[in-house]
Amino acid sequence: MSTPNTEWPLWEVFVRSKQGLSHKHVGSLHAADAAMAISNARDVYTRRQEGTSIWVVKAEDITASTPSEKDVMFDPANDKVYRHPTFYDLPDEIKNM
Amino acid sequence: MTQEMDLNQRFEQYIAADQKIEAKDWMPDAYRKTLIRQISQHAHSEIIGMQPEGNWITRAPSLKRKSILLAKVQDEAGHGLYLYSAAETLGISRDEMLDALHTGKAKYSSIFNYPTLTWADMGAVGWLVDGAAIMNQVPLCKCSYGPYARAMVRVCKEESFHQRQGFQIMLTLSQGTAEQKELAQDAFNRWWWPSLMMFGPNDATSKHSEQSMRWKIKRFSNDELRQRFVDMTVPQAELLGLTVPDADLKWNEVTGHYDFGPIDWGEFEQVVAGNGPCNRERIDTRVTAHENGAWVREAATAYAAKSSKRASSQNSAA
Amino acid sequence: MEAQEHEWILRLADDALVLAQRLSEWCSHGPALEEDIALSNIALDLLGQARAMLTLAGGREGRGRDEDALAYFRTDSEYRNALLVELPNGHFGDTITRQMLFDQFAVLRYDALANQSVDLELSAIASKALKEVRYHAAHSSQWVVRLGDGTEESHQRVQESLNVLWPYTEELFEDDAVSQACAAAGILPLNASFKEVWSSQVQSILSEATLSIPESKALLTGGRNGRHTEHLSYMLAEMQVLQRTYPGAEW
């Protein structure tokens, strides 16, 4: 039986579905090296023409925000309504701005 | 302790409000364990499920059917992979899950312990087994755990051709020679009851159901889904000119559903306990593939280590 | 000329079909789930190539044989594939080494067919196939390097694979009346013309993989004329069983 530490590293896969759109996270997979990760990503995540470009990144290289600090991170943006155009009333005469 | 209670309360509120839980969010241990159990079982079912159909790839009766079947079994490998990945977000490694499968600690869907004896089984498996699976899986696209729900969206999208190709095989056989019709009926006879068992024990005896419903990991009960499957499949069997192997089956005007005969849960329990016709072969095949691949996986790891070492020594030289 | 070209298309088609059949045997036995999926993909590409070429060959022949008639109702002595592709899969190192040796050849052959052939139908099939086999070639050569330059065990195993497979490669470059006639008609250059580039590509992959080309005097050949190894008949018996058991049935 294998032991967990011989496992190939986990990679996160991002696919650009068509030119003009940004890459989007589609899932993950295991691969021993970057070339294999790209190759596996192609076979696993773009079998049905889902992509025109692939990024792979080792899962361990991703730095993420801390979920328990979600409130601290994101709630302060709630009351900054002046960042949105709908905050500003315009005279009816002005149709587009 | 109060903090734990706060977190728990918040989690329950979240679920009640139909919010998704993501990988790094706080979750009760039992929720995590339930998910790991369910998702890994689901992944194992996909992987073991490759074998009964893989059994006919080399013997498919036309090159078109061979392509379709190969693509379908390949999809199952893909689905296993998406699901293992979803489970890995909960802090278990794929190797740990595979070990559990290989040592018999983890379960997988019992249906795959039945043999595929004729080509008609490719039809019956696609039509009935995938049909039942889809019925189970579609609600999971809305389950409360984000990574599982997303994996299921992908799985369901890809599965949609699986059932159709199975039905098409049955249709071709049922319109074919007398021998082919017999093959189709025989396969139907063998797969009908095991397909009904796929929905799991009756609601009254299902041990994990209630909590999972509350956590929105499960969204419909076993019996509800089973009834839906019967109602959907019986007219399809009629269209194929096949006889449902159940003397008690009849339309119930009052309920608006088909009544069907009692399921042999004794058989189900035997197969779950490891005494089905193919339990041993399925696991042996899996373990052999894994063991035969060990030197390959090690080589790739060793090569990756060597080349990154070479790359870094080149960088430092430059 | 038509008969010779027919023969020649069958050689191309059978290489793809027989190798696809072998690779499909890997399904659910791969060394990792990801590689299982990759091998199935390669098999599906090859199967698609075989079907396109068998359909073309059957259509031109005008005897009412479609892809399935050609695949399921020819005996082993009527198959025209090279011996290399019919060899049993062995372990993953055997399979991937065979694949690398064949892929490097297939790229050159399809490239010539796509870009130089006067047969436009065939070259259209080849243009599509070329993209596929280029990908296969990258996949298999990367794996040969990983295994060759991996662990001591993998190095030994894959060197042994190479030793066994190498004597089958010469057949790929043989020419006979069929290939000469097709070359003269501008359908495809002589097989021998691919030898030099193939050798240098393979040499460079093998040296990166720290593997060495074996000394070999054996010349294993005959597939193009229907003299196969013992393995092909078994493979076809399995592949053709349903069509032969229920002749005339639709599936």
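Among the residues of the range B:1-31, the one identified as of a type in the set (Asp, Glu), closer than 16 Å to B:TYR148 by Cβ and open to solvent by 90 Å² or more (accessible area, probe 1.4 Å) is B:ASP18.
Note on the range B:90-141: residues that are part of a helix (DSSP H, G or I) and free of Cβ contacts under 8 Å to residues at least 12 places away in the same chain total 4.
If you go through the range A:12-51 and keep only what is part of a strand (DSSP E or B), more than 9 Å from every other protein chain (Cβ to nearest Cβ) and open to solvent by less than 50 Å² (accessible area, probe 1.4 Å), you end up with A:GLU12, A:VAL13, A:PHE14, A:VAL15. Take the range B:228-244 and flag every residue that is open to solvent by 40 Å² or more (accessible area, probe 1.4 Å) and either outside any helix (DSSP H, G or I) or over 22 Å from B:GLY126 (Cβ atoms) (or both). B:GLY241, B:THR243 - these are the residues of the range B:228-244 that are open to solvent by 40 Å² or more (accessible area, probe 1.4 Å) and either outside any helix (DSSP H, G or I) or over 22 Å from B:GLY126 (Cβ atoms) (or both).
The lone criterion from (1) within 24 Å of the chain's Cα centre (by Cα); (2) at positive phi left unmet by B:GLY256 is number (1). Comparison of B:ARG37, B:ARG65, B:ARG32 shows that the only residue that is part of a helix (DSSP H, G or I), within 30 Å of C:TYR234 (Cβ to Cβ), out of contact with any Cys (no Cβ under 9 Å at 6 or more places or on another chain) and modelled with pLDDT of 95 or more is B:ARG65. Can you find even one residue in the range B:9-29 that is under 17 Å from C:GLY30 (Cα atoms), part of a helix (DSSP H, G or I) and of a type outside the set (Phe, Trp, Tyr)? No, the conditions are met nowhere in the range B:9-29.
Pairs meeting the criteria (first residue in the range B:284-298 and at the interface with chain C (Cβ under 8 Å from one of its Cβ atoms), second residue assigned to a helix (DSSP H, G or I) and among the hydrophobic types (A, V, I, L, M, F, W, C), beta carbons under 6 Å, at least 6 apart or on different chains) are B:VAL296/C:PHE92.
Scanning the range B:159-173 for residues that are open to solvent by 10 Å² or more (accessible area, probe 1.4 Å) and not β-branched (Val, Ile, Thr) turns up B:SER160, B:PHE161, B:GLN163, B:ARG164, B:GLN165, B:PHE167, B:GLN168, B:LEU171.
Tell me, please, whether a residue that is more than 12 Å from chain B (Cβ to nearest Cβ) and surrounded by 12 or more Cβ atoms within 10 Å (Cβ to Cβ) can be found in the range A:56-72. Yes, that holds for at least one residue. Figure legend. Inter-residue proximity from the range B:205-223: first residues surrounded by 13 or more Cβ atoms within 10 Å (Cβ to Cβ), second residues outside any loop (DSSP other than H, G, I, E, B) and of a type in the set (Phe, Trp, Tyr), beta-carbon distance below 6 Å, spacing 6+ or different chains. Indicated pairs: B:TRP215/B:TYR31.
Note on the range B:190-203: among residues that are within 15 Å of B:LEU225 (Cβ to Cβ) and part of a helix (DSSP H, G or I), the one that is most open to solvent (accessible area, probe 1.4 Å) is B:ASP203.
Screening the range C:129-160 for residues that are within 13 Å of chain B (Cβ to nearest Cβ) and open to solvent by 50 Å² or more (accessible area, probe 1.4 Å) and picking the one that is farthest from the chain's Cα centre (by Cα) gives C:GLU152.
Here is a yes/no grid of residues against (1) open to solvent by 20 Å² or more (accessible area, probe 1.4 Å); (2) closer than 30 Å to B:ALA60 by Cβ; (3) in contact (Cβ under 8 Å) with a residue 12 or more places away in the chain:
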site: C:GLU174; (1), (2), (3): yes, no, yes
site: C:ALA192; (1), (2), (3): yes, no, yes
site: C:LYS195; (1), (2), (3): yes, no, yes
site: C:LEU211; (1), (2), (3): no, no, yes
site: C:ALA218; (1), (2), (3): yes, no, yes
site: C:MET235; (1), (2), (3): no, yes, yes
site: C:LEU242; (1), (2), (3): no, yes, no
site: C:GLU250; (1), (2), (3): yes, yes, no
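The values are calculated or read from the model by the stated rules, or taken from the named source; none is laboratory data. Here the structure is a predicted model, which is why all the values come from computation and not from measurement. Note: ideal-geometry Cβ built from the backbone for every residue, glycine included; neighbour counts use all protein chains shown. The accessibility values were calculated without ligands, DNA or RNA, using every heavy atom of the protein model including side chains. Shrake-Rupley method; radii C 1.70, N 1.55, O 1.52, S 1.80 Å.
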